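Please read the structure below before turning to the comments.
The values are calculated or read from the model by the stated rules, or taken from the named source; none is laboratory data. Model, not experiment: these values are computed from the prediction. Glycine also receives a Cβ, built like all others from the backbone with ideal geometry; neighbour counts cover every protein chain displayed. When the accessible area is computed, the model is the full protein with side chains, heavy atoms only, and any ligands, DNA or RNA have been set aside. Shrake-Rupley method; radii C 1.70, N 1.55, O 1.52, S 1.80 Å.
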There are 2 protein chains.
Amino acid sequence: MNAQVKVPRISETEWEVMRAVWAGHPATAGEIIERLTAADPTWHPKTAKTLLARLVRKGALDYEAQGRRYVYEPLVSERQCVAAASESFLERVFGGSLKPMLAHFVESRRLSREEMDELRALLENGLSKGKRP
Amino acid sequence: MNAQVKVPRISETEWEVMRAVWAGHPATAGEIIERLTAADPTWHPKTAKTLLARLVRKGALDYEAQGRRYVYEPLVSERQCVAAASESFLERVFGGSLKPMLAHFVESRRLSREEMDELRALLENGLSKGKRP
DNA sequence: GTTCATGGACTACACGTGTAAGCCAATACG
DNA sequence: CGTATTGGCTTACACGTGTAGTCCATGAAC
């Protein structure tokens, strides 16, 4: 189940579209556009359509004709894309060093008491349990 | 010292150049190119020069003529750029939610016991010392 | 059935980015 | 001093990206 498919490069704006698709699929262009405009009313339907087409061409999405309209489906999982983007970011901005990166985030943003606790718990578990659901 | 200067958008490749500059400045183009090729021999001097010029135009670097050559100096600090890039990444990939992001990294990469401890310490301090002006 | 609206395909276009080459002036070398 | 070299300035060019508009077919509304 881990075919390690090559994740295409997803641009900034394309990420928004992908997230709209991941939010629930299969989904028609209309539904996706609805989600996009809900989050940000400045989205232009035509723009969204162009992005959808590009994502299909890139191999990030697939579609299936359903009558006169398409239903889109992701070909790459959010996990995969998140992993790829994170890796790239880590490399580019922190030269690949994880600790400075984590330090930066923990420092830069105030975490609530709860978040800290949860994160701490995550640290504990990550070591002892290392299990992947 | 915190003029909060607008950080220009630094592209992937430009990051490499900036890091070479941050590594020690002022530095001549020659020195910078040396550092770049040291890290990655495929760097072409002309390409590096183009990038330097672009970074100057963008306002990320400044230079001062020193005889027939320039010495470059960053106009934006690594801290600033790291912060900006991190913010953008966090927004794009994790919708701005810090915790899932941290969770992802803690999960995805195996941290050594020491790193975990350090990170945990960081969490403790972050809270107890939370000096927020 | 004719018309309008909806949805997809194709086209447009400027700016960013990666990757250099060509040109020109000053300097170092002989 | 003349020449080769070095370093900067200008130009090139293809592909990616953000942002749409136009064209065309099909289904919905009358």
Under 12 Å, Cβ to Cβ, from B:E14 - net charge with Lys/Arg +1 and Asp/Glu -1
+4
Across the identical copies, how the A:L75 labels are spaced - nm, sorted shortest first, 7 Å along Cα→Cβ
4.2
Mind listing the label-point distances from A:T13 to the same position on all other copies, shortest first, one decimal in nm, points 7 Å along Cα→Cβ?
2.3
Where the accessible area of chain A is counted over protein heavy atoms with a 1.4 Å probe, how much of it, in %, is carbon and sulfur?
50 percent
So if I take the alpha carbon set of the protein assembly as shown, get Rg, then get Rh from the Kirkwood formula, what is the Rg over Rh ratio?
1.02
Using θ = phi - 60° and the Karplus relation 6.51 cos²θ - 1.76 cosθ + 1.60, list the HN-Hα couplings for the stretch B:20-34 in order, rounded to whole Hz, with x at every Gly or Pro.
5, 6, 4, 4, x, 8, x, 9, 7, 4, x, 5, 4, 5, 4
Can you return the aspartates and glutamates within cross-link range of B:K49? Criterion is Cα-Cα under 16 Å, with same-chain partners fewer than 8 residues away left out.
B:E12, B:E14, B:E16, B:E31, B:E34, B:D40, B:D62, B:E64, B:E73
For B:S112, go 7 angstrom from Cα along the Cα-to-Cβ vector, then report the distances to that same point in the other copies in nm, smallest first.
3.5
Stokes-Einstein diffusion coefficient of the stretch B:79-128, Kirkwood radius over Cα pairs, 25 °C, 0.890 mPa s, in µm²/s
201 µm²/s
In the stretch B:1-75, how does Rg compare with the Kirkwood Rh, expressed as the Rg/Rh ratio over alpha carbon atoms?
0.96
Amide H contacts under 5 Å for A:L61, restricted to residues at least 5 apart in sequence or on another chain and with H modeled in the peptide plane, are A:V56, A:L75
Would you mind counting up the charge near A:L36? Only other residues with Cβ under 13 Å from its Cβ, with Lys and Arg at +1 and Asp and Glu at -1.
-1
Applying the gyration tensor rule to the Cα atoms of chain B (axes a ≥ b ≥ c; rounded if a/c under 1.5, else prolate if a/b exceeds b/c, else oblate), the class is prolate
Can you give the net charge of the other residues whose Cβ lies under 14 Å from the Cβ of A:R57, counting K and R as +1 and D and E as -1?
+2
Taking placed amide H atoms and a strict 5 Å upper bound, the residues 5 or more places from A:Y70 or on another chain that come that close are A:A29
Residue-wise, which Karplus ³J(HN,Hα) couplings in Hz belong to the stretch A:52-61, taking 6.51 cos²θ - 1.76 cosθ + 1.60, θ = phi - 60°, and x for glycine or proline?
4, 4, 5, 5, 5, 4, 6, x, 8, 10
What list of ³J(HN,Hα) couplings, whole Hz, do you get for the stretch A:80-85 from phi and the Karplus terms 6.51, -1.76, 1.60, once you set θ to phi - 60° and write x for glycine and proline?
4, 5, 4, 4, 5, 5
Within 10 Å of the Cβ of an average residue in B:71-82, the count of other chain Cβ atoms is 1
Distance in nm between label sites at A:S88 and B:A65, each 7 Å beyond Cα in the beta-carbon direction?
4.0 nm
If I take every Cα pair under 8 Å that is 6 or more residues apart in chain A, average their sequence separation and divide by the length, what percent do I get for the relative contact order?
21 percent
